[in-house]
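The values are calculated or read from the model by the stated rules, or taken from the named source; none is laboratory data. Everything numeric here is computed off the predicted structure, so don't read it as measured data. Cβ: placed from backbone, ideal geometry, glycine included. Neighbour counts: every protein chain shown. Remember, those area values only see protein heavy atoms, side chains included, never the ligands or the DNA or RNA. Shrake-Rupley method; radii C 1.70, N 1.55, O 1.52, S 1.80 Å.
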Amino acid sequence: MIKRLLKVAFAEWKLIYTDPAAVLLLVVAGVIYAFYYPVPYIHQTVTKVPVAVVDLDNTAMSRDLTRMASAAQQIEVKSIYTDMQEAEAAMARDEIYGFMVIPEDMEKNIRGKHQVTVNIFTHGAYVMFHGAIGTAFSTCALTVGATNKVKQIALEKKVPSAKAIAMRDPIPISIQTLFNSTGGYANYVVPSVLVVILQQSLIIGICVLGGSRAHRRFRKKFRDSPVENETAEYRYFGRSLAFFVHYCTFILFYHCIVYNIFDFPRRGELLPMVVFSIVFLASVINFGMVISQIFLRRETSMQLFLYLSIPVLFLANFSWPTYLMPRWMEAISYILPSTFAVPAWLSIEQMGADIYDVAPKLYKLAVQAIVYLVLGLLLTRIRDKAKIDMGDM
């Protein structure tokens, strides 16, 4: 029994490396995307965003605020204007992506203990720029305000600077990022996308090799081979074994090589990683086997799932919370293994979660695997009864 199963698996494994389309999807794509996708985000955080300052005060304090903004890592002050319309025109030409307006009499009002409002304008079409500009300018403005407030307290109360700081800010806040300490965009987005890449390439690859016996890519050449004429169960589980072993090497490749090269957080322990790999690949492979029985031509699956890659990515619930999605979109997301695999993978790899922490997600993946297994075997038996087409797809 095992010998027959391995024979089918080995035949499928050979086909992976001899069919050009399969090589492209099941081998080349997984390797190229693993390096191609993280490279644009190699700097992790947004830096040196072109900005401007509109200085309507033109005092020593306003110049200090401008110099502090120029020293911020996130932004680069390209121009200093005395008219707000000039800054607006520069932002309309995409020369800058934001500017800070220092109001008239800022220094006078601060020294007179009056509240001052510093306005910050950002190019809302660029979300990453918006956050970096707002954080940099607001930090500089708050720092200048706090420094002057501390000086006033120290002089009025005749207390040391340390005590004046405590009086000015009795409950300081310290924010610590636990699982993405650098705040890097690559650390946030790439690990999730890698899971989606594994899923999409595997599903399309299975469909490209053909599901039903009547429409297999190499049916015409090997129509009399024992492997192609094995029983439905042996063909189904033998092919699944070949894909499982092949993609286990990809998970190891991502975990041991890609994560090291790009310095992604890697806190996963062996047992959770092994269990995740088994359940995730079982779910994806069985889902792919079901889809492969539906499409009679391999080009159809490639066209469909390539177009669906972006929707699948959004439904993976890492870029936007699931509870904020419409109910019908949330329901559709339950069809896809990535919906549960992405958060499970992030919990294990980036948060160091153990098997009990990710059990709820793994249970759902296991249910998917069982449902798709039953459906895949049923469709395989139905397709076996179809008229055999000896033509080559």
Would you check if there is a residue in region 310-320 being open to solvent by less than 10 Å² (accessible area, probe 1.4 Å), touching a helix residue (DSSP H, G or I) at 6+ places or on another chain (Cβ under 6 Å), farther than 18 Å from Glu12 by Cβ and not in a helix (DSSP H, G or I)?
-> yes
Could you grab me the full set of residues in region 119-131 that are in contact (Cβ under 8 Å) with a residue 40 or more places away in the chain and either within 20 Å of Ala90 (Cβ to Cβ) or among the polar types (S, T, N, Q) (or both)?
-> Met128, Phe129
Pick from Glu95, Glu86: which is more than 35 Å from the chain's Cα centre (by Cα), open to solvent by 60 Å² or more (accessible area, probe 1.4 Å) and at pLDDT 85 or above?
-> Glu86
For region 111-146, enumerate the residues that are under 11 Å from Tyr97 (Cβ atoms), open to solvent by 70 Å² or more (accessible area, probe 1.4 Å) and touching a strand residue (DSSP E or B) at 6+ places or on another chain (Cβ under 8 Å).
-> Phe121, His130
Within region 119-166, residues modelled with pLDDT under 70 and among the aliphatic types (A, V, I, L, M) come out as Ala146, Val150, Ile153, Ala154, Leu155, Val159, Ala162, Ala164, Ile165, Ala166
Would you pick out the residues in region 322-343 that are over 22 Å from Tyr188 (Cβ atoms), among the hydrophobic types (A, V, I, L, M, F, W, C) and open to solvent by 80 Å² or more (accessible area, probe 1.4 Å)?
-> Trp328, Ile335
